[in-house]
Amino acid sequence: MDPKVMLIFIMLFPLLGSFIGYILGRKNEKYRDSFNILITGIIFIVVILLFPHVKQDTLEVSIPYVMGTGLHLKLNAFRYIFVFITAFVWLLTTIYSNEYLIKYKNRNRYYLFFMLTLWSTIGIFLSENFINLFTFFEIMSLTSYVLVIHEENEYSHEAGYTYIVMAVTGGLILLMGLFLLYDYTNTLDIDALQWAVQGIGNIKYFIVSLIIIGFGVKASMFPLHIWLPKAYPAAPAPASAVLSAILVKTGIFGIIVTIEIMMKRDLIVAAVVLILGFINMLLGGFLALFQRNIKRILAYSSMSQVGYILVGIGLMGLLKESGAAALYGTLYHVVNHAFFKGLLFMLSGIIYISLNTVNINKIRGFGRNKKILKILFIIGFFAIIGMPGFNGFISKNLLHHALAEAEHIYGGALFTLAEIAFTLSSSFTVAYMLKIFIAVFVEKSEKDIEEHKINISFRSIIPMGILGAAIIFIGINPNSIMGILEASTVSFGMKPMEVDFYNLTNIKSSFIAIAIGTVIYMYFIIRYLRKSTNEEWYYENVSLNWFSIENNLYKPLGRMLFKTSYVFLNSIDKGLVKGVVLLENAMRFIGNIELKNRNAIKNKLKSSNVFSWKEEKSGNYSIQGNMKENLEAFQSINEKLGDLSRNLNSITYSVFLFGTVLLVCLVIMFI
């Protein structure tokens with residue numbers, strides 16, 4: 001099959017399949033479930049078949065008359081990594097969902113939006129034009145919102161509210177950036193922008209800030225992460241798995257395209273993203289230490305792990321053409337995070353479906369006698385902390401190597417602090433994962449909860465087993481995906497490099513972080529966060545809400561924006577209306593003068609020897625001479641004033657419409 005046809009196929013097939021699956025689900029749910037597995041399986045096979053083509057070349061397809069500018073699709077080695085993990089994780093999650101969702105209502109609705117989210121996500125990674133990318137990005141936000149609120153309880157609706165408000169706000173900011181970008185460059189094609197942006201001056205920094213904010217919301221970049229700890233626990237486990245493993249990568253993809261391709265690794269932008277990345281790493285890991293809900297711990301963990309990827313993006317910008325280690329580490333961690341976080345969220349789903357809770361205080365000891373569950377969790381645990389032999393070790397040490405290169409080039413105390421922050425973030429990961437593992441799989445419960453059986457079939461264990469096997473395979477054979485990573489260097493103008501993964505320095509740094517994390521667990525979590533009574537221990541609910549970004553920053557800022565916008569738009573509206581009324585009155589006055597003096601003007605002209613009048617058969621007179629041109633000019637001015645009046649009325653209505661839309665959006669935000 002022609003590779004371009006296959007490219008169009010993986011773009012359109014999920015869209016068609018989502019509606020076919022919905023129709024089947026109304027007749028027979030088993031047919032729908034099998035059909036969805038078939039769809040995702042076929043997509044994954046086609047993606048594998050595309051690998052030989054994209055490793056050597058770039059595939060591009062343009063479909064005119066779509067989205068105004070046409071649909072421009074592109075698949076190269078860099079984009080292929082994102083498409084591959086999407087197809088792979090979605091297939092496994094679909095298999096897992098069939099058993100997990102048995103007890104849930106509205107399954108047919110869930111699968112419709114689940115597959116539509118797959119379609120829009122693939123569309124994001126294939127889009128070569130920012131308009132196409134933005135369109136798929138917003139579709140993905142709306143379809144994934146339905147997944148977040150699937151349970152339709154009070155908490156899920158609250159989480160969905162925060163999720164959709166952040167998504168829509170981020171989308172509007174992104175759209176504003178794209179409007180400005182097009183205004184200054186006259187193009188939104190990504191490849192063309194890397195040259196066009198260089199000639200627009202410092203306004204590019206304002207534009208790129210808007211674009212990064214838009215993508216940063218989905219990437220859970222600080223301080224835009226507030227939706228994440230709410231949405232992940234609220235959504236069903238399969239939805240949480242794709243939210244963390246895949247959907248957060250759409251924001252990462254947009255940031256990479258913006259900074260590394262469009263901005264050609266600008267030092268200023270790269271430095272800002274690097275700093276925000278370290279904040280994500282530290283803050284996400286620190287907040288995870290205090291949580292009692294496993295899915296909330298994993299949510300903050302995702303924020304921290306995204307920080308590693310953002311640090312890699314920043315280092316790519318700082319190291320320029322010599323930043324291959326940063327590129328490898330960034331893309332490697334994109335893959336690794338998708339695998340181990342997908343596995344961990346699936347495991348949390350097994351616990352939830354069995355006990356209807358993932359609160360550590362209530363499920364202590366549940367996994368003591370469940371060997372398969374314990375082994376799979378250990379694999380995810382070792383992967384995320386960077387234990388040698390597991391995939392997380394590979395990407396974290398690549399990023400650490402890139403950080404050492406940047407420190408060698410630039411030096412200074414800031415990079416010394418960055419080194420400390422990197423190690424401390426890894427230690428936080430060890431500590432909060434130990435908190436989960438020891439509570440659920442090691443310590444004994446007085447309630448005999450470990451005798452509670454797993455309430456799910458073995459078929460749902462298979463996807464987790466595949467992810468676990470992939471984690472170990474990559475950890476033992478790190479060169480297995482280096483081929484596609486090396487091919488990705490072409491997109492960024494870098495030279496491939498050889499990497500020694502398992503050297504003494506890398507292994508030593510990994511075990512240092514593990515040792516520090518163990519100390520944090522023993523002397524901070526156990527001593528200060530865990531309380532005990534005469535009968536048993538429990539983790540206290542430690543409130544960190546002395547300052548809430550959502551309540552103390554975003555909501556007051558939104559209210560202020562609402563009031564300011566209302567006053568501003570109201571003033572414009574009233575001013576324009578008054579101006580139009582004045583112009584209309586002026587035109588009527590001018591018209592009345594013209595009517596009253598027309599006969600007098602004619603009589604004067606008749607008696608004048610300079611101008612001659614000719615009486616026509618109809619009884620009217622026509623002007624002969626230059627005065628005819630003067631009167632025509634006067635009438636033309638009168639017509640122009642009338643057009644101006646109508647245009648001002650149009651502007652008034654446009655401003656009023658804009659104000660109404662803005663008012664509705666802001667009211668929805670704060671109802």
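Read-outs throughout are calculated quantities, based only on the coordinates presented, and are distinct from any laboratory measurement. As the structure is a computational prediction, the values presented were derived from the model and not from experiment. As a convention, Cβ positions derive from the backbone with ideal geometry for all residues, glycine included, and neighbour counts pool all protein chains shown.
For this structure, a couple of remarks:
- Amide H contacts of Leu289 (H built 1.01 Å from N, in plane; Pro and chain starts excluded): no residue 5 or more places away or on another chain comes under 5 Å.
- Gain on full stretching of the segment that runs from Ile507 to Leu15 - 0.36 nm per residue minus C-alpha separation: 172.6 nm
- Near-label residues of the range 233-266 by backbone N, under 20 Å of a point 7 Å along Cα→Cβ of Glu154: 233-236
- Distance from the range 490-519 to the range 373-430 (C-alpha centre basis), Å: 7
- The HN-Hα couplings worked out from phi for the range 102-115 by the Karplus form 6.51 cos²θ - 1.76 cosθ + 1.60 (θ = phi - 60°) are 4, 7, 8, 8, 6, 5, 5, 5, 4, 5, 4, 6, 4, 6 Hz, whole numbers, x standing for Gly and Pro.
- Sorting the segments 506-519, 464-477, 346-359 by their residues' average number of neighbouring beta-carbon atoms within 10 angstrom, most packed first, yields 346-359, 464-477, 506-519.
- Neighbour-count ranking [beta-carbon atoms within 10 angstrom, fewest first] of Val440, Val257, Val66: Val66, Val257, Val440
- Relative contact order (%) - the range 102-189, alpha-carbon pairs under 8 angstrom, separation at least six: 29
- Taking 32 Å as the limit for the C-alpha separation, the pairs Lys230/Lys574; Lys295/Lys371; Lys74/Lys341 exceed it in the case of Lys230/Lys574.
- Between the range 220-271 and the range 1-72, the alpha-carbon center distance in angstrom: 24
- With both labels modelled 7 Å from their Cα along Cα-to-Cβ, the Lys574 to Ile375 distance reads 7.5 nm.
- Taken along the Cα-to-beta-carbon direction at a fixed 7 Å, the label points for Thr58 and Arg459 span 4.3 nm.
- FRET efficiency, Thr423 to Lys531 (Cβ-Cβ, R0 35 Å, nearest 0.05): 0.75
- Karplus-derived HN-Hα couplings along the range 294-308 (A = 6.51, B = -1.76, C = 1.60, θ = phi - 60°), whole Hz, x at Gly and Pro: 4, 5, 6, 4, 5, 5, 5, 4, 4, 4, 5, 5, 4, x, 4
- Per-residue ³J(HN,Hα) for the range 136-144, Karplus 6.51 cos²θ - 1.76 cosθ + 1.60, θ = phi - 60°, Hz, x for Gly and Pro: 5, 4, 6, 4, 4, 4, 6, 5, 6
- The stretch between Leu582 and Asp191, if pulled fully straight at 0.36 nm per residue, gains 135.7 nm over its current Cα-Cα span.
- Annotation for Lys362 and Glu407: the two label points, set 7 Å from Cα along the Cα-Cβ direction, are 4.4 nm apart.
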